[in-house]
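> Right, I'll just put the structure down here and ask away after.
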Amino acid sequence: MKFKDYIDIKDFTQVVCPACKALLMADKDMETWYCGHCGHKIIMDEVLNPKPVVKEKPAPRLVGSVFRREGDVLYKYEGNSEDVEIPENITKIASGAFKDNKEVRTVIIPDTVTEIADSAFENCTSLSTVHLPSGLQKINYKTFNGCDSLKTITIPASVEQIMYNAMCCGLEEIVFESSNTTWEPENEYTNPSFWVKKNGKGNGVGRIFLKQQTFNAAEVFRHKSLFTYLRSQGLCTNCGGKFGMFNKCKSCGQKKEY
């Protein structure tokens, strides 16, 4: 008996093994077939009715706020937005994260951030508004140096210290939420925490605010904190107000303790 006597060739079809590329004769009625050369399992429907190849669309180009991070640390902002809102799960902004960015104008830093490293915003010449987090404890070296458009800033009550050369920029006024925040004056080795107008002349901070009280920055600066200055003037160390009867502050009611 010959092959053609018991097999109808029309019931078979040629297929190519996806694994070894061998040319095979496979039964059309079989759902699966096995390559006689390599043993690879062949699903007939996939071979006989291949799905068209769809080219993947290229990923959209990211614009605006782009953050390079590792865990909860923001290492670099790589966007070009004027207004930047840092993600709420960031706890630290690394050194130089925004340094030399000329586009950013506004930065909102969430309260989850507790540390801003040296030079984080140095030379951001267009930066005019920054919201500091309520848990920040220190403003480090050169954090805002060279930020010529930054005219005013609010220092949260949580900030204990403003380091040397931290905010030598375009600042004209500073709002303190606490009198306990300390700063550093100029010395022979480095710049002060921030520049101060002397005798109302030149560039630098002219006014310092504490709870709706306004102070001449040049008079306050040498005391290294509002607390020390207010105490030397016999004023309320909580708000800067004057004491009245029973040594209670007329503005906030705090009792005089010195």
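> Out of everything in region 161-195 that is β-branched (V, I, T) and closer than 19 Å to T129 by Cα, what residue ends up being surrounded by the fewest Cβ atoms within 10 Å (Cβ to Cβ)?
V175
> Any residue in region 73-90 that is more than 29 Å from T154 (Cα to Cα) and modelled with pLDDT under 90?
Step one: of region 73-90, the residues more than 29 Å from T154 (Cα to Cα) are none.
For region 73-90, residues more than 29 Å from T154 (Cα to Cα) and modelled with pLDDT under 90: absent.
> If I filter region 229-258 down to residues being surrounded by 16 or more Cβ atoms within 10 Å (Cβ to Cβ) and of a type in the set (S, T, N, Q), which single residue comes out as farthest from T181 (Cα to Cα)?
Applying the filter and picking the extreme gives S251.
> Considering only residues of region 196-212 that are surrounded by 10 or more Cβ atoms within 10 Å (Cβ to Cβ) and more than 18 Å from L226 (Cα to Cα), which is modelled with the lowest pLDDT?
The extreme case among them is G202.
> Is it fair to say T112 is in a loop (DSSP other than H, G, I, E, B), on the phi < 0 side of the Ramachandran plot, surrounded by fewer than 18 Cβ atoms within 10 Å (Cβ to Cβ) and within 16 Å of the chain's Cα centre (by Cα)?
Working: in a loop (DSSP other than H, G, I, E, B): yes; on the phi < 0 side of the Ramachandran plot: yes; surrounded by fewer than 18 Cβ atoms within 10 Å (Cβ to Cβ): yes; within 16 Å of the chain's Cα centre (by Cα): yes.
Yes, satisfied.
> Would you check which residues across region 14-35 are assigned to a strand (DSSP E or B) and surrounded by 12 or more Cβ atoms within 10 Å (Cβ to Cβ) and list them?
Passing the criteria: V15, V16, L24, M25, A26, D27, W33, Y34.
> So, one more: Please count how many residues of region 169-205 are farther than 23 Å from L127 by Cβ and among the polar types (S, T, N, Q).
The qualifying residues number 6.
The values are calculated or read from the model by the stated rules, or taken from the named source; none is laboratory data. Just so you know, these numbers come straight off a predicted model, no measurement behind them. With ideal geometry, Cβ positions are generated from the backbone for all residues, glycine too; neighbour counts draw on all protein chains shown.
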